[in-house]
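Please treat every number below as a calculation from the coordinates, not as lab data. The structure displayed is predicted, hence computed values, not measured ones. Reconstructed Cβ throughout: ideal geometry from the backbone, glycine too, with neighbour counts over all protein chains shown.
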């Protein structure tokens, strides 16, 4: 399998397209060239070749008459063209590396569409001039552009062959970086899918006012906020830190405003000071913002949660 893209300076859209294909076909050979004969022999041509034909593996957008655009009106560049065709398969391939989890074809399609909305379309917008460095000066397009050799690098390299060799080396660096971004984007969304069920099945305590979650890394806030209106606090187990966290439930995803704060007397206290105020020997800390606290043991965190629930609500 041969994947071809253009030589010379590279951009985020061709890097993304090649990265997605390389994740799908990891044993492929990468060729960077503008030679039409070389491109014609490739199984996939990304951002080069003057043709958009997904069935033939052609993903260029520079040709006269190109009109490819999303339903939103955002015009495709090569990143979006590759992802439109191969994104769901790429998601499924990455999902196979997550132990104990497999996505359905429908889930893979939804994840691929979400990644296009959150990320890929901005690479296309930057490449087509719809936005200068969408979504900002340090957006992904700008970061990838920075992998290219600058004029000092070219001057030091000395000749065209050396410069192109340097560009290939930098291209591979950017390619590895972009592969990680794609994999992480997929795994993040897979984690979100599995987390919803885990949170829904978590143990409810204290007559529905407290929820116990077995992993503090689990993204629980949106599920609890949207589906569990009676829960005021959450206890979670931090496996990496071997302690138990006590969380206030956020009532607004944009702020630290909570359904109920932890007791004001705990604010900013640590260790012995917090233990003295709470009567919990292994209490460890409470944030000044009163939205999170910790104890070494589950029993300690549960005792702190009960104290917080018993605290009179401030008018």
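Details
- Going by neighbour counts of Cβ atoms within 10 Å, the residues 194, 5 line up, fewest first, as 194, 5.
- Dividing the radius of gyration of the alpha carbons in the range 54-163 by their Kirkwood radius gives 1.07 for Rg/Rh.
- Burial order of peptide ranges 91-102, 288-299, 8-19 (average beta-carbon count within 10 Å, highest first): 8-19, 288-299, 91-102
- In whole angstrom, the range 52-105 maps to an equivalent ellipsoid with semi-axes of 28, 12, 8, each derived as √(5λ) from the alpha carbon gyration tensor and ordered largest first.
- The simple spin-label model puts a point 7 Å past each Cα toward its Cβ; for residue 288 and residue 239 those points are separated by 3.3 nm.
- The chain - share of DSSP beta bridges that are antiparallel (%, nearest 5): 60 percent
- Each of residue 309 and residue 62 was given a label point 7 Å from its Cα along the Cα-to-Cβ line. The distance between the two points is 6.5 nm.
- Label-to-label distance, residue 255 versus residue 150, with points set 7 angstrom from Cα along the beta-carbon direction: 4.3 nm.
- Highest to lowest packing among 186-193, 35-42, scored as the average C-beta count within 10 Å: 186-193, 35-42
- Quarter the surface of the alpha carbon convex hull of the chain and you get the mean projected area, 21.3 square nanometres.
- Angle in degrees between helix 78-95 and the longest Cα principal axis of the chain, rounded to the nearest 10: 50 degrees
- Of the three principal axes defined by the Cα atoms of the range 202-310, the extents in descending order read 37, 26, 25 Å.
- Cα centroid separation - the range 43-97 against the range 118-197, whole Å: 17 Å
- Mean residue ellipticity at 222 nm, helices only, the chain: -14000 deg cm²/dmol; runs of at least 4 DSSP H residues each add -39,500 (n - 2.57), and the sum is divided by the number of residues.
- Computed over the range 35-189: relative contact order in percent, which uses C-alpha pairs under 8 Å that are six or more apart: 16 percent
- Net length gained if the chain between residue 168 and residue 196 were fully extended (0.36 nm per residue, minus Cα distance): 5.9 nm
- Taking all Cα pairs closer than 8 Å and separated by 6 or more residues, the relative contact order of the chain comes to 12 percent.
- With 0.36 nm allotted per residue and the present C-alpha distance subtracted, the residue 215-residue 102 stretch has 38.6 nm of extension available.
- Degrees, to the nearest 10: 12-24 long Cα axis against longest axis of the chain: 80 degrees
- Principal-axis tilt of helix 160-200 within the chain, Cα atoms, nearest 10 degrees: 40 degrees
- Sorting 233-239, 267-273, 156-162 by their mean Cβ neighbour count within 10 Å, with the most densely packed peptide first, gives 233-239, 267-273, 156-162.
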